Amino acid sequence: MEIAGEKLATDISLLDVREICSFASYFVICSGESDRQLKAIAEDIEITLKKAGERVIHSEGETSSWVLLDFGDVVVHIFSPAEREYYQFDELWNKAKPVLRIQ
């Protein structure tokens with residue numbers, strides 16, 4: 001979450017989804033103001049975690065306004081504010097336990 005904040009991501013949430021999700025333990029959700037910023041956030045997260053020995057298993061949306069990085073137990077979702085609102089992603093996972101939120 002610190003990595004996203006360093007790239008000026010906004011509305012950052014860490015959700016514990018272990019009780020309601022079969023494919024991940026945690027979601028990190030954040031927003032960026034432009035496609036360029038979304039890409040920069042995603043790249044920095046991937047590079048930093050790679051240095052720590054974590055590898056991205058799957059990624060999607062590198063040229064869109066919703067980027068997904070799957071690290072296995074942790075899935076990172078980086079949205080434009082409009083896409084986040086449109087898909088109501090926070091509402092979709094509202095039964096998850098909030099661990100941390102930075103607005």
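The values are calculated or read from the model by the stated rules, or taken from the named source; none is laboratory data. Computed from a predicted model, the values in this text were never measured in an experiment. Here the Cβ positions follow ideal geometry from the backbone for every residue, glycine too, while neighbour counts run over all protein chains shown.
Residues that are buried (at least 18 other Cβ atoms within 10 Å of the Cβ): list the helices (runs of 4 or more DSSP H) wholly contained in the range 6-103 that include at least 3 such residues. So that I can check it myself, show each step before the final result.
Numbers: elements: 35-51, 81-87, 89-92.
It comes to 35-51.
May I ask you to say which residue of D70, D35 is more than 14 Å from L8 (Cβ to Cβ) and under 13 Å from the mean Cα position of the chain (by Cα)?
D70
Among the candidates S25, S80, single out the residue that is more than 13 Å from D11 (Cβ to Cβ) and either modelled with pLDDT under 95 or not β-branched (V, I, T) (or both).
On the way: S80 fails: more than 13 Å from D11 (Cβ to Cβ).
Answer to the selection: S25.
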**Prompt:** If you check K50 against the conditions, is it touching a residue at least 40 places away in the same chain (Cβ under 8 Å), over 17 Å from S31 (Cβ atoms) and out of contact with any Phe, Trp or Tyr (no Cβ under 6 Å at 6 or more places or on another chain)?
**Reply:** no
**Request:** Determine, yes or no, whether H77 is under 11 Å from the mean Cα position of the chain (by Cα) and not hydrophobic (A, V, I, L, M, F, W, C).
**Result:** yes
**Prompt:** Can L69 be described as touching a Ser or Thr at 6+ places or on another chain (Cβ under 8 Å) and at pLDDT 95 or above?
**Reply:** yes
